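The next block holds one structure in the form of structure tokens; read it before the comments.
The values are calculated or read from the model by the stated rules, or taken from the named source; none is laboratory data. Here the structure is a predicted model, which means the values were calculated and not measured. Positions of Cβ are generated from backbone atoms using ideal geometry, with glycine treated the same way; all protein chains shown enter the neighbour counts. Please note that ligands, DNA and RNA were not included when accessible areas were found on the heavy atoms of the full protein model with its side chains. Shrake-Rupley method; radii C 1.70, N 1.55, O 1.52, S 1.80 Å.
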Amino acid sequence: LNSASSDLYHWERENLGYQAGVLTIAGQQAEVMAHSAGAPVFLYDAQRIRQNLERLQAVLAQAGLSHSIYYAMKANRFPPLLTYLRLLGRCGVDVCSPEELLSARQVGFAETEISYTGTSVSEEDLAVLQRHPGVIIHCDSLSSIRRLGRRCPGRRIGLRINPEMGLGYRMNRLLQYAGRKATKFGIYHGQFKAALHCARESDLLVEGIHFHTGCGYLTPQLPLWSQILEAGQRFVDECPDLRYLNLGGGLGIPLAEGDEPLDLSAWSAIISRQFGNSNLRICIEPGDYLVKDAGILVLQVNTVEEKGGTLFVGVNGGFNLHIEPAFYKLPLQVLPCRQPDSSLRRRVTIAGNINEACDLLAENILLPPVHEGDYLAFLNAGGYGSSMSSNHCLRGFFREYLLP
Ligand SMILES: Cc1ncc(COP(=O)(O)O)c(C=O)c1O
């Protein structure tokens with residue numbers, strides 16, 4: 001099937017695009033970087049991360065909200081990237097495990113710049129938190145409140161709540177953390193009074209409410225965002241000593257043609273409307289919004305062959321390096337690292353090098369003719385790519401470069 005696509009370049013921006021026919025990110029040629037790395041390679045544009053952070057801060061400031069941003073480290077924990085964020089000095093970091101906490105400390109984040117939002121918290125996890133008395137903790141169960149209280153009486157905490165509504169990229173259920181089906185995340189309203197009682201009994205002071213209800217939401221999900229904040233208000237009203245509200249992460253970026261960037265002004269206006277007069281500090285903990293579009297994954301084509309009527313393009317990395325298409329069914333945009341000299345497009349399926357049927361990075365997409373030895377770039381790979389990678393089939397090796 002051949003077809004001409006006019007809109008191969010809608011993703012282009014300053015510091016990401018074709019220069020003299022070669023895909024370039026932050027001044028570096030993607031295929032040259034991949035060739036010299038000699039392995040699958042993630043390239044991260046540091047300036048883009050900074051711009052994403054500054055854009056978010058500007059919109060919160062414009063809305064008159066006193067605010068703090070905690071970067072959700074689970075999106076990407078590449079140490080140079082964490083160091084870069086630390087040196088920018090414009091955000092804290094949200095962690096969800098002891099090792100993430102220690103990684104944040106290693107690159108210089110102060111305890112008070114770190115929030116810990118964990119789940120299924122063990123005694124060993126609590127022991128690490130006990131040794132870091134300045135870290136902000138969000139307890140997401142009565143059990144963790146009770147056990148933390150035993151170790152750290154007098155500590156100030158936040159409670160992660162479950163507003164029983166979720167949202168996510170194109171309302172993908174796999175990306176929703178709350179909703180009709182019971183989830184493990186947060187304290188439900190029916191248990192909230194008991195949780196507050198438990199905190200009092202355990203000598204813990206509740207000074208924050210936290211909720212994170214899903215990932216990747218864009219402008220069409222904002223009416224739901226508004227309802228979620230309203231649902232959060234019920235919890236807020238029951239806490240006399242509250243100082244902050246953490247609205248989680250989940251802010252999405254366009255992943256496929258037809259997606260529009262999240263309307264940040266409308267997003268912040270909803271926050272202002274609900275909590276603008278509350279005197280509460282508004283905290284958010286975005287992961288993807290800061291790093292996803294700053295990164296690309298570059299892989300080399302090793303096989304181009306038709307099988308059963310499908311043209312497969314085999315590459316030197318698989319779903320173990322970037323799990324989102326296989327795991328969450330999220331679209332991954334693919335580009336040739338060299339600009340095609342014709343407008344010819346063919347339908348292809350990009351297959352990885354892992355012996356699993358689900359090891360497809362993109363299915364039935366239009367690409368210019370691809371040859372063995374070519375390099376392909378996968379956009380929006382800065383979040384939940386390397387951080388979720390595995391060594392399945394002992395093919396977990398890759399390199400990462402932070403480009404200044
Ligand atoms: C508690 C919490 N906060 C923040 C995030 C970051 O989400 P995102 O990368 O979609 O902004 C997550 C993601 O799973 C999360 O679980």
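The set of residues in segment 179-215 being within 21 Å of residue 136 (Cβ to Cβ), within 11 Å of the ligand (Cβ to nearest atom) and in contact with a helix residue (DSSP H, G or I) (Cβ under 9 Å, 6 or more places away or on another chain) consists of 211, 213. Mind checking whether some residue in segment 337-359 is of a type in the set (A, V, I, L, M), open to solvent by 10 Å² or more (accessible area, probe 1.4 Å), out of contact with any Phe, Trp or Tyr (no Cβ under 7 Å at 6 or more places or on another chain) and closer than 26 Å to residue 36 by Cα? Checking segment 337-359: not a single residue is of a type in the set (A, V, I, L, M), open to solvent by 10 Å² or more (accessible area, probe 1.4 Å), out of contact with any Phe, Trp or Tyr (no Cβ under 7 Å at 6 or more places or on another chain) and closer than 26 Å to residue 36 by Cα. Consider segment 249-266 and keep the residues that are touching an Asp or Glu at 6+ places or on another chain (Cβ under 9 Å) and not aliphatic (A, V, I, L, M). The one that is surrounded by the fewest Cβ atoms within 10 Å (Cβ to Cβ) is 257. Among the residues of segment 46-95, those that are within 16 Å of the ligand (Cβ to nearest atom) and part of a loop (DSSP other than H, G, I, E, B) comprise 76, 77, 78, 91. Residue check: residue 23 meets all listed conditions (1) touching a residue at least 12 places away in the same chain (Cβ under 8 Å); (2) closer than 25 Å to residue 353 by Cα; (3) not in a strand (DSSP E or B) but one, namely (3). Taken residue by residue, segment 124-135 has at least one member that is buried (at least 16 other Cβ atoms within 10 Å of the Cβ), within 30 Å of residue 197 (Cβ to Cβ) and of a type in the set (Val, Ile, Thr). Would you check if there is a residue in segment 111-119 being away from the ligand (no atom under 16 Å from the Cβ), surrounded by fewer than 20 Cβ atoms within 10 Å (Cβ to Cβ) and at pLDDT 95 or above? Yes, that holds for at least one residue. Applying the condition of being open to solvent by 40 Å² or more (accessible area, probe 1.4 Å) and in contact (Cβ under 8 Å) with a residue 60 or more places away in the chain to segment 39-57 and asking which residue is farthest from residue 16 (Cα to Cα) yields 55.
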